[in-house]
Amino acid sequence: MTRTAAIVLWPLLAAATGTAQERDPAVRLLARTASDAQSASDSVIDVREAVRKAKPRALLTFVTDEEEAELVLLLVERSMAPPRIGTSAPAGATLVCSVGAVLVDRRDKSTRSIQGAGASWRLATENLVDRVSGYAEELQHDFLRRRQDWPAVRFEFEPLTKEIQRESGLKGGKALIMVVQAVGPAASAGLHGTDVVAGVDGKELKHVAELARAIYRAAPGTSLKLDVVQRGTHRTVTLVIP
């Protein structure tokens, strides 16, 4: 069975067997050593361990196939040196471990240099993974909505930034609904463009990625209670996941 066919049939099979499962919303990370940086190869093992230890709250999951990866971490440097003046080195440290990498975002092929430091290679790598996790959380809603198995909820949303709040006067939550298609689960729930989502299933929304995670991990046929601010009025709507 092809992946596309599996995605189409999965909700039907789950409903028939009663074994509907949550999708995994973690951002898929591949870590490998850059071709000219063999000295950093041990850090690949450290990255895998740091990601494994972070579960079940992890924003990242480790994959080995680059085609599955949403982020690629190219480890380019592994060094040890005296702490530099003005850096936040561990108290009393005479040497600081440093792991340098290039983070590749496979959505748009953009790259950024990042670095982790600590009193040991393990701590330096965990610091590096924390930085990758911060980037993943900031864009997780975008990663999830690009996946083939993103539920067809028929609405688009973006972070309600301070700039948008100033320009529009909208407030009350972290996610701004931009577009609602005329037919589909969102319209049936009574959602509209310019609605602001403030909470999911009774929990306050602290980041737009939380809304994306809730939608993505929900099994087909289940529902989410969304707390929304609609034309200045708070109300709760029920979104059924297709």
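Quick note: the coordinates plus some simple rules give every number you see, no bench work behind them. Keep in mind that this is a model prediction, so the values were computed, not measured. Every residue, glycine among them, receives a Cβ derived from its backbone with ideal geometry; neighbour counts consider all protein chains shown.
Going highest first, how would you order 107-113, 220-226 by mean Cβ packing within 10 Å?
220-226, 107-113
Quick one: net charge of Thr222's neighbours, Cβ under 13 Å, K/R +1, D/E -1?
+1
May I ask you to compute the full-extension gain from Val183 to Asp201, defined as 0.36 nm times their residue separation minus their alpha-carbon distance, rounded to one decimal in nm? Mind showing how you got there, number by number?
Details: separation 18, 0.36 × 18 = 6.48 nm, distance 2.34 nm.
Gain in length upon complete extension: 4.1 nm.
Using a Förster distance of 45 Å, how high is the FRET efficiency between Arg122 and Glu68, based on the Cβ-Cβ distance and rounded to 0.05? Please list the in-between numbers first.
On the way: r = 26 Å, r/R0 = 0.58.
The formula returns an efficiency of 0.95 here.
Near Lys225, which lysines are there with a Cα under 27 Å away, not counting those fewer than 8 places off in the same chain?
Lys225 reaches Lys55, Lys162, Lys171, Lys174, Lys203, Lys206.
Please compute, over every Cα-Cα pair in the stretch 155-240, the percentage with a separation greater than 14 angstrom.
60 percent
So what's the net charge close to Thr161: Lys and Arg +1, Asp and Glu -1, counting the other residues with Cβ under 15 Å from its Cβ?
Within the 15 Å Cβ shell, the charges total 0.
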